[in-house]
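Working notes, beginning with the structure itself.
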Ligand code: SF4
């Protein structure tokens, strides 16, 4: 298993070589928010999953930052991530692929704060 301080935008690329690749847990949500913000200039607005989805994902991540995230927050995060599969170009698709690696291999970071037991 590989756990290093990869940039989020390189995550899917690394995951192809090692399916267990995951990000350092420390500041993961902040890293993710920073990555999504860096993608704003690339988002042209032609399709909903990317144009609206990325903004919604960022708002959900804000809930983790301010401590108001719930299980519903995580469920919505998963749905919006999977919706990115229907993006019209590689911008949205790549964001979705990187997000999916996080949901697959860093799930506990998003689940622990919202679990009910
Ligand atoms: S996925 Fe591509 S086409 Fe769709 S909004 Fe993003 S940049 Fe535009």
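Could we say that residue 49 is away from the ligand (no atom under 16 Å from the Cβ) and out of contact with any strand residue (DSSP E or B) (no Cβ under 6 Å at 6 or more places or on another chain) here? No. Tell me whether the stretch 85-106 contains one or more residues that are loosely packed, with under 15 Cβ neighbours inside 10 Å, touching a helix residue (DSSP H, G or I) at 6+ places or on another chain (Cβ under 6 Å) and assigned to a helix (DSSP H, G or I). Yes - at least one qualifying residue is present in the stretch 85-106. The lone criterion from (1) farther than 22 Å from residue 91 by Cα; (2) not in a helix (DSSP H, G or I) left unmet by residue 46 is number (1). On inspection, residue 63 does not qualify as part of a helix (DSSP H, G or I), within 11 Å of the chain's Cα centre (by Cα) and crowded, with 17+ Cβ neighbours inside 10 Å.
Residue-level check: of (1) closer than 20 Å to residue 108 by Cα; (2) free of Cβ contacts under 8 Å to residues at least 40 places away in the same chain, residue 37 misses just (1).
Kindly establish whether residue 45 is at pLDDT 95 or above, in contact with a helix residue (DSSP H, G or I) (Cβ under 8 Å, 6 or more places away or on another chain) and exposed (fewer than 13 other Cβ atoms within 10 Å of the Cβ). Yes.
May I ask you to verify whether residue 80 is within 14 Å of the ligand (Cβ to nearest atom) and touching a residue at least 12 places away in the same chain (Cβ under 8 Å)? Against the criterion (within 14 Å of the ligand (Cβ to nearest atom) and touching a residue at least 12 places away in the same chain (Cβ under 8 Å)), residue 80 qualifies.
The number of residues in the stretch 66-78 that are assigned to a helix (DSSP H, G or I) and surrounded by fewer than 14 Cβ atoms within 10 Å (Cβ to Cβ) comes to 4.
Against the test of being touching a helix residue (DSSP H, G or I) at 6+ places or on another chain (Cβ under 6 Å), surrounded by 15 or more Cβ atoms within 10 Å (Cβ to Cβ) and modelled with pLDDT of 95 or more, the options 81, 21 yield a single qualifying residue, 81.
The values are calculated or read from the model by the stated rules, or taken from the named source; none is laboratory data. Please read all numbers here as calculations on a predicted model, not as lab measurements. Neighbour counts run over all protein chains shown; Cβ positions are idealised from the backbone, glycine included.
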